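First comes the structure, then the notes that go with it.
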Amino acid sequence: MFRLMVLMLFFAGILLLVILNPSLTYAHKTTHNHFTVFHNNALDPIFLTQLDQANELLKSSEFYNPELRLDVCLNDGSGYPDMIRVLRGRAFAWGFYDKVVMQGNASYKNNEVELNGYRWNLTQLLAHEMIHCLQFDKLGLWKSKPVASIPNWKWEGYAEYISRKSVDNQDLLKNIELLNASDKNNWEVLLSDNTISPRVYYEGWILVQFCMDIQKMSYEKLLSDTTGRQIVEKEMLDWYGKQK
């Protein structure tokens, strides 16, 4: 039993070493501003522009840290995204600690990531996952998900709120109307650029938008607020009814 425990700890240590050092599984790395991009194939210059655009979105977050350096791991042949998939599950991408790991199939020319027939705007996906890194950077391990019991609508909703800050997504009334018009049986909400936001994320997004844009709450205040989701939803719908 002791030998087994030692062996398990050894393999856990090796796994942690690889997770923290993506360069062990990639052929190349490229440094761009405060990003380090790990890749196997030649890096498309368009992607560096999309990184910069994602970073511009981050600047609207109160958690933005211009000194934070992030690793971005591409899904272009390395075993690293597969390893993260085994540990965390299948997703368009994962953001944790100081790393963004792409898992879907990226089209840099179209600024999209495809997974299971669904498409996510690539720049906004990068920003979404980077927000999770900012949350961890600001709050620390013990006050971040999954360790802390933060409601998912506040955690993922904030990542969507910041990453979707474009001209088409600024109007809360229109965002609510789009949700109301979407098929409640569908997993996704189709956006104006024909990419998607997962429905549960979209619902969190508009709740966070209501709390921050209409009720003028900071994100830290929202995290500490104990008002239940159902009450926030009712307040938002009451506000929406008055606007109509």
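The values are calculated or read from the model by the stated rules, or taken from the named source; none is laboratory data. None of the values given here were measured: they were computed from a predicted structure. Counting neighbours? That spans all protein chains shown, and the Cβs are built from the backbone with ideal geometry, glycine included.
When the residues of segment 60-86 are filtered to those that are outside any loop (DSSP other than H, G, I, E, B) and touching a residue at least 60 places away in the same chain (Cβ under 8 Å), the one that is nearest to His34 (Cα to Cα) is Leu70.
Whether a residue is modelled with pLDDT of 95 or more, farther than 18 Å from Leu125 by Cα and not hydroxyl-bearing (Ser, Thr, Tyr) was assessed, and Leu68 passes this test. Among the residues of segment 95-131, the one identified as closer than 18 Å to Arg69 by Cα, acidic (Asp, Glu) and either assigned by TED's automatic domain parsing to the domain that holds Ile162 or surrounded by fewer than 21 Cβ atoms within 10 Å (Cβ to Cβ) (or both) is Asp98. The condition of being out of contact with any Asp or Glu (no Cβ under 6 Å at 6 or more places or on another chain), hydrophobic (A, V, I, L, M, F, W, C) and in contact (Cβ under 8 Å) with a residue 12 or more places away in the chain holds for only one of Trp142, Trp239, that being Trp239. In this structure, Ser163 does not satisfy being in contact (Cβ under 8 Å) with a residue 12 or more places away in the chain, farther than 27 Å from Asp71 by Cα and in contact with a helix residue (DSSP H, G or I) (Cβ under 7 Å, 6 or more places away or on another chain).
Filtered by the rule that a residue be modelled with pLDDT of 95 or more and small (Gly, Ala, Ser), segment 153-180 gives Gly157, Ala159, Ser163. Of all residues in segment 220-240, those satisfying the criterion of being of a type in the set (Ser, Thr, Tyr) and either in a helix (DSSP H, G or I) or farther than 14 Å from Pro151 by Cβ (or both) are Ser224, Tyr240.
Between Phe92, Phe38, the distinction of being under 20 Å from Leu191 (Cβ atoms) and surrounded by 21 or more Cβ atoms within 10 Å (Cβ to Cβ) belongs to Phe92 only.
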